[in-house]
Structure formats: C-alpha cells, structure tokens
Amino acid sequence: MKKIQIGVIGCGNISDAYFKGAARSQFIQVKACADMRSEAAEQKAALYGFQAMSIDALLADPEISIVVNLTIPMAHAPVSQQILKAGKHVYSEKPLSATFAEAFTTLKMANEKGLRVGCAPDTFLGASHQACRRLIDAGTIGQPVGGAAVIMSHGAESWHPNPEFFYKAGGGPVLDMGPYYITQLVNLLGPVKRLAGLATTGSATRTITSEPLNGSVIQVDVPTTVNGVLAFENGANVTLSASWDVWKHNRTSPIEIYGTEGAMLGVDPNFFGGSPRVCSPNGEWQELDISAHPFGTPNRELRNGSMAADYRIIGLIDMAMAIQNKRPHRASGALALHVLEVLEAFEKSSRTGEFMTLSTSCERPAPVPLGSDEVVFC
Ligand SMILES: NC(=O)c1ccc[n+]([C@@H]2O[C@H](COP(=O)([O-])OP(=O)(O)OC[C@H]3O[C@@H](n4cnc5c(N)ncnc54)[C@H](O)[C@@H]3O)[C@@H](O)[C@H]2O)c1
C-alpha cells in the first residue's frame, strides 16, 4: 500500500514529535514541510529527509491530501482555513483556534467543502486513558457522579525556547493545557452541558529564563489561575483547577472520577501511558492493567530523565485511515470545537458572574480497539 502523503506547516518545538511519529508509521509519510521562517523548514527537512517547500507550493502539491497545522494558536484558524481553501484535509495542533468563533468558521468551511478537520490532543487514545474509558463503560465504578481535574505548574518560560504564545490569546493554562483534560473528561463522561468559572492573572509580566531569549519580558494577556465547575450531560459534575501561578502543591492526581460503586484515579492526559487506579466501595486502590491497549509503552525520555509514553500523531493516523475507510475519526473537529467552547466559557463566566450553557455538543469518540499498534485503526 502506498503511504498517505502528509504536508506539515509549522516547524517549531512540537514538530519533532510529529516527524518522529510519522517515520514510525506504516500508513502515513511526511512528503514536505513549510514554515513562515523558511530556515526552520529547511532545517527539519534536512534532518528528517523530506522536502522543504514554500507554503503555497506545499498547498498546491497534488500528492499531499492532509496538511498538519503546527503553528501557534493565533495562526491556527487562518492557516487551517488556507489549507481547506486548497482542497486538503487539515489536522491541527490544539487548541483548534485561539477563539471559538474562528474555529466555528473553520468547521463550517470544512463541512461545505466535504473535507475533514482533526485536532490534537490525541493523548486520550493512549492505553491508560482508554483503559479508564473501558472501566467507566463497563460500569465498574457505577454511575459517575463527581470528579476533579488539576493542572498546576509555574508556566513554560523556564523551558520553551519561544514561550510568548503561552501568554497570548489561545494560551494560558486553560486554553493550552485544558484541551488535554477536557478532551479526556468528554471521552470518559460525554459532552458538557453548562459550567461556571472564576479567573485571575497572577502576574502582569513573565520573564523568560530559558535560552535563547533568557531575560526577555512577556506581557501576559490571559488568565493564569482559573477554578471552575462543569456539569456534564450525563449528570456528573467535575471541578477544574488550572493555574500557572503555582510553585508547589500536593494535588498529585490529574483526573479523578467518583461513581456510585467506586472511584477512579486517572493519569496525566498530556501523555498516553501511566498507571490509573480503581477502587470499589471501602476497597483499596488497585492498579488497572493497561497492557492489552495500544500506545502505552514508555518511549520518550522527559526533561527530568523519566520515561513516558508519547505517541503524538496517532490522531492524525486514525484520521487518515478513517478517510480511507469512510468512517468517523476520533480526534475530530466537532470534539475540539466543543472542548474549545468549554475552555472559553470559564473566562466568560468569570466576567459575567453567570453559568454558561454550551451551544455545542458532540458524540463521544469510539473507543480504540485492543491491540498492539496503529493497525487497530484499520
Ligand atoms: N511545544 C510543546 O511541547 C507542545 C506540545 C503539544 C502541543 N503544542 C502545540 O503545538 C503548537 C505549536 O507549538 P510549538 O511549541 O511547536 O510552537 P513554536 O513557536 O516552537 O513553533 C511554531 C512554528 O510555527 C511557525 N508559524 C507561526 N505562524 C505561522 C504562520 N502563520 N504560517 C506558517 N508558519 C507559522 C513559526 O515560525 C514556528 O516555527 C501550539 O499550538 C502548541 O499549543 C506544543
């Protein structure tokens, strides 16, 4: 089978994960990359052995059917819409756009043209999150009633080489990290009905301590501490604490779900693996066996030296196979649009003092079949 040819626009920090992931795939292949900084595209092309092109040439290439948008959040909508205008399917990094209104236009355009939109995160397709999904679907913890999600650190200016976008529209802990958590909650519980939030900004500026911009100052345009409560259509309500103003905390469980017959401790939805736990009424925590699920084996060394499972790109591979097999893809535009509406609503609720009722909903993505690799998407 000839591999599906992919183009990539945006050759920054995260692009290596995609280029490495594509190199491991038997179904897709990167044909070319582009960036508004042509030197960035040329550097990645030389490193990974494909072509660097101008954005126009990449979009005009008839062999390329799907274009991956790895630009910064503020550029997601204009670049995705340019890709759709060129008649190609688009798979975007998160969030789908810096604003819900722009993302809505992107999906409308795709629907009119009969093209697909896919969007990160795809971490919820990982072994540990799918094991949690299977557990909830099997009724092991009964009916989910409540839960908690916690995102806490002191931001990205200590490690990202160009961290300004984290503090501009489309950034902040809610829009940057929130997609991982809300997507996994929707995967587990279904869509959100309404929510309320309180938002504040800890510091008006941030000083970069990473290289090469060490000492540069960023003006912060977004809330950096947000607390909220979400009511899901299935009746469960969940709290979200999201902050980049926290030096230290002791809330070690990223996602917890409490049901009528037990409780579940999820794992960091920024990764694909980890050890989720479950308990029955009055029981002890038991580790869930994730070994029958694909995409859970640790394969990447983190900055702290520990190993984690990172299969960023499988959402794109699922979309490529879904187009071929004429079935819905899992990391879909509709899911990402709903998640983006949720994320944006926290700040709106904080401003107005009111609960926000969501205008969008979505289907829960199909569970990933048991198996050992990307063949599960066939
Ligand atoms: N860095 C990470 O660890 C990480 C992890 C997961 C997701 N993401 C997401 O991936 C996206 C990119 O993040 P990054 O860290 O790679 O950012 P980055 O700033 O390192 O890279 C972005 C690249 O896009 C290019 N670009 C920007 N606007 C463009 C435009 N209009 N046309 C063409 N090229 C353009 C820039 O020149 C740059 O090379 C963001 O949405 C981010 O949220 C990043």
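The values are calculated or read from the model by the stated rules, or taken from the named source; none is laboratory data. Since the structure is predicted, the reported quantities are computational estimates derived from the model, not experimental observations. Cβ sites come from the backbone with ideal geometry, for glycine too, and all protein chains shown count toward neighbours. What goes into the accessible areas is simple: the full protein's heavy atoms, side chains included, and nothing from ligands, DNA or RNA. Shrake-Rupley method; radii C 1.70, N 1.55, O 1.52, S 1.80 Å.
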* Counting only residues that are closer than 15 Å to Gly10 by Cα and in a helix (DSSP H, G or I), which one in region 82-101 is farthest from the chain's Cα centre (by Cα)? -> Gln82
* Structure fact -> Inside region 106-117, the number of residues satisfying the requirement of being in a helix (DSSP H, G or I), charged (D, E, K, R) and either within 11 Å of the ligand (Cβ to nearest atom) or touching a strand residue (DSSP E or B) at 6+ places or on another chain (Cβ under 9 Å) (or both) is 0
* **Filtered residue count, region 295-315, keeping only those that are open to solvent by 80 Å² or more (accessible area, probe 1.4 Å), more than 16 Å from the ligand (Cβ to nearest atom) and not β-branched (Val, Ile, Thr)** => 1
* Test set (1) farther than 26 Å from Val67 by Cβ; (2) at pLDDT below 95 - Ile255 fails condition number -> (2)
* Search result, residues across region 130-180 that are under 20 Å from Val342 (Cβ atoms), within 16 Å of the ligand (Cβ to nearest atom) and either in a strand (DSSP E or B) or open to solvent by less than 20 Å² (accessible area, probe 1.4 Å) (or both) -> Ile151, Phe166, Gly170, Gly171, Gly172, Pro173, Val174, Asp176, Gly178, Pro179, Tyr180
* To do: For region 189-204, enumerate the residues that are under 13 Å from Cys362 (Cα atoms) and either under 12 Å from the mean Cα position of the chain (by Cα) or open to solvent by less than 40 Å² (accessible area, probe 1.4 Å) (or both).
  => Leu189, Gly190, Pro191, Val192
* Ala334 being over 18 Å from the mean Cα position of the chain (by Cα) and in a helix (DSSP H, G or I) -> no
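Conditions (1) out of contact with any strand residue (DSSP E or B) (no Cβ under 6 Å at 6 or more places or on another chain); (2) of a type in the set (Lys, Arg), marked per residue:
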site	(1), (2)
Ser243	no, no
Glu256	no, no
Asn270	yes, no
Gly283	yes, no
Arg300	no, yes
Gly305	yes, no
Ile313	yes, no
* Asked: In region 81-105, what residues are over 15 Å from Ile66 (Cα atoms) and either within 14 Å of the ligand (Cβ to nearest atom) or among the β-branched types (Val, Ile, Thr) (or both)?
  -> Lys94, Pro95, Leu96, Ser97, Ala98, Thr99, Glu102, Ala103, Thr105
* To do: At least 2 residues that are open to solvent by 10 Å² or more (accessible area, probe 1.4 Å) in each: list the strands (runs of 3 or more DSSP E) lying fully within region 3-79 that qualify.
  => 4-9, 28-34
